[in-house]
1. Rounded, prolate or oblate: which one fits region B:239-335, using the alpha carbon gyration tensor with axes a ≥ b ≥ c (rounded when a/c is under 1.5, else prolate when a/b beats b/c, else oblate)?
2. Ratio of region A:87-160's C-alpha Rg to 2.2 N^0.38 Å, to two decimals?
3. With a 1.4 Å probe and all protein chains left in place, how much of the accessible area of chain A comes from carbon and sulfur atoms, in whole percent?
4. How big is the A/B interface in buried accessible area, both sides summed, 1.4 Å probe, to the nearest 100 Å²?
5. With a cap of 14 neighbouring Cβ atoms within 10 Å, and only residues DSSP puts in a loop, list the trypsin sites (Lys or Arg not before Pro) found in region A:201-238.
6. Give me a comma-separated list of calculated 3J(HN,Hα) values for region B:57-70, in order, Karplus coefficients 6.51, -1.76, 1.60 applied at θ = phi - 60°, integers in Hz, x for any Gly or Pro.
7. Give me a comma-separated list of calculated 3J(HN,Hα) values for region B:188-201, in order, Karplus coefficients 6.51, -1.76, 1.60 applied at θ = phi - 60°, integers in Hz, x for any Gly or Pro.
8. Given a 1.4 Å probe, show me the residues in region A:181-195 buried by at least 20 Å² of accessible surface when comparing the whole protein assembly to the chain alone.
Amino acid sequence: MSLLSEMRQGGRGYWLSAPALALYIGLLVLPLGLTLVLSFNVFDYQVGVKSDSYTLANYMAVVTDSYFYEIFLRTFWISALVTLLCVLIGVPEAYILSRMGTPWRSIFLILILTPLLISVVVRAFGWSLLLGADGLINQVIQFMGGRPVKLLYTPFAVVIALVHVMLPFMIIPVWTSLQKLDPTAEQAALSLGASQTKVMRLIVLPQVMPGVLSGSLIVFGLAASSFAIPGLLGGRRLKMVATVIYDQYLSELNWPMGATLAVALLLVNLLVMLSWNRMIEGRYKKTLGE
Amino acid sequence: MAFLQLEGLSKRYGSIDAVVATNLAVDKGEFVSLLGPSGCGKTTTLQMIAGFVEVSDGRIVLDGRDITHAKPSSRGLGVVFQSYALFPHMTVADNVAFGLRMRKVPAAELHPRVKRVLELVRLGQHAERYPRELSGGQRQRVALARALVIEPPVLLLDEPLSNLDANLREEMQFEIRRIQNEVGITTLMVTHDQAEALSISDRVVVMQAGRITQIDEPYKLYEHPRTRFISGFVGKANMLQGDLDSSGIPQIRQVPGDGSLTLSLRPEKIDLVAPGCGRLSGRIVTRYFLGSQWLYRIQTSIGEVTVVRRNDGQAPLEQGAAVDMDWPTELLRVLDADEVRA
């Protein structure tokens, strides 16, 4: 009998996975559980959190208050737009990358990955230097004789910076699926009379779709819960859910409300991602058998 | 004028000559193989015909039309790739229908054509399967059906059998020939397997270092190899030194290093006879059992000679035994020196 099945029978496998399990419970399940409990607590501006009394008022507020409604809506359209832009930029970029010769491919792959080594905060400040009222872009516009444009603290700034940060998360899964492609399948399609655009649309794209879909899930999830970029480039007025949660915890000191928003964000995010997965990825999984 | 004609076709990669001034004429309905070791330029030649590799010099003429610089999609040739190159996200039927859809063939005509060609390759039952659900041999048939359904003027096969295991390969060899006969399509196959080329081609083109060194029917190629390289590459051969006697018949010289000619003698053409009765004596060094044959390596005064004898059910000769060899002198072939070094 093999060692593996012996371990399964003896239940020793559970002991071996205990460290990972402890880490998982300690760092994910426990905080999430506490957040969930906190979200039902009553908050009083005089005494703070009343940990012994429970209410649904926080959730009612999130569902009914048009202020939160607007913020959730904004978060999701910005995330959807960022995802779309990442697909439009990342897929061709990954394709070009996969067609490059040996030395260049590795060089450009590293170039695409290096930004991940720089803190998001640093990159956000970089963008604010570029986009600010006195930033490089406005200086150029003024030099050319134009009037300065408000770029910073607009959705434009948030979207462009998010796309910049999220792009590697799209390129990597797409690049991985492109690696699995048989390049002669494209030649076969050409020899059968397909034009170059038809080859892309009918042969290459359907095969990299699983990569595009998992890339969009990652990008959408990260964008919808992003904090640093909307915090630094969205300013005081342009709020996204994560920045509102921060405000609730640290400015309003209304922890239960912050917890409620966090849980709501998690639920809506899960809902969007799971239905997306069901709707489209399932179909491609069936045909590609992965 | 031949149906498919290559005129001085050349391909250079920088300073490297991949294919040098190749001339070849393929008749309509003919099955021609390009045979050679890897790197001899056979695949490059095929890819130039298919249009995947740019031609450096020369012309490709198909049925009177110059297609040298035509796009692959406008050549309309059927290509079967070594990796099969099936579209994994499409069913067998959709794979096969792809070329017809690109030609905007109406559905009423498309479905019967797909069905007919799938039956031709004996895959009628598998139309709705995906390529990953098929075996290697079945994928090969799908690739063949996909190339044939567009009714191309020429079928190009790039090492079509090299990914199959030995038994299946032999079966598919005959299957390809059967389908080719049935459709009557002009076929050009690239292969490095001499047995494959000999068994199914009408003519074999031997390539070496970017050049064609011999074009012949399989039997003639085997019996009359032109150079040392071909003699060694196509089948097994004993390469012996010799010269012509006074009446112009080639003779093997029994003194090593003597003789101005290289002679080729196929191992199965040599008879083993009792010591003292043959032209050459030796001692068996090793013997190998090949199933239908015995292969002997025999040490002689002019070097080691390989002899293949039919396994006729009798006990084979023992290792170390002294034997004599005999052969009909007309089966000695005089070889040219190799003009190119591979």
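The values are calculated or read from the model by the stated rules, or taken from the named source; none is laboratory data. Please read all numbers here as calculations on a predicted model, not as lab measurements. Positions of Cβ are backbone-derived with ideal geometry, glycine not excepted, and every protein chain shown enters the neighbour counts. Heavy atoms of the whole protein, side chains included, go into the accessibility calculation; ligands, DNA and RNA do not. Shrake-Rupley method; radii C 1.70, N 1.55, O 1.52, S 1.80 Å.
1. Details: a/c = 2.12, a/b = 1.80, b/c = 1.18.
Verdict is prolate for region B:239-335.
2. Details: Rg = 16.5 Å, N = 74, 2.2 N^0.38 = 11.3 Å.
Against the compact-globule rule of thumb, the ratio is 1.46.
3. Numbers: 11860 of 16560 Å².
The C+S portion of the solvent-accessible surface of chain A is 72 percent.
4. Numbers: alone 17510 and 16290 Å², together 31950 Å².
Approximately 1800 Å² gets buried when A meets B.
5. Working: sites: A:Arg201, A:Arg236, A:Arg237; in loops: A:Arg236, A:Arg237.
Qualifying residues, ordered by number: A:Arg236, A:Arg237.
6. Each residue's phi maps through the Karplus curve to give 7, x, 9, 10, 10, 10, 6, x, 9, 7, 10, 3, 10, 6 Hz.
7. 3J(HN,Hα) across region B:188-201, in whole Hz: 10, 10, 9, 7, 10, 9, 5, 5, 4, 5, 5, 6, 10, 8.
8. Residues of region A:181-195 that lose at least 20 Å² of accessible area once the other chains are added: A:Asp182, A:Thr184, A:Ala185, A:Gln187, A:Ala188, A:Leu190, A:Ser191, A:Leu192, A:Gly193, A:Ala194.
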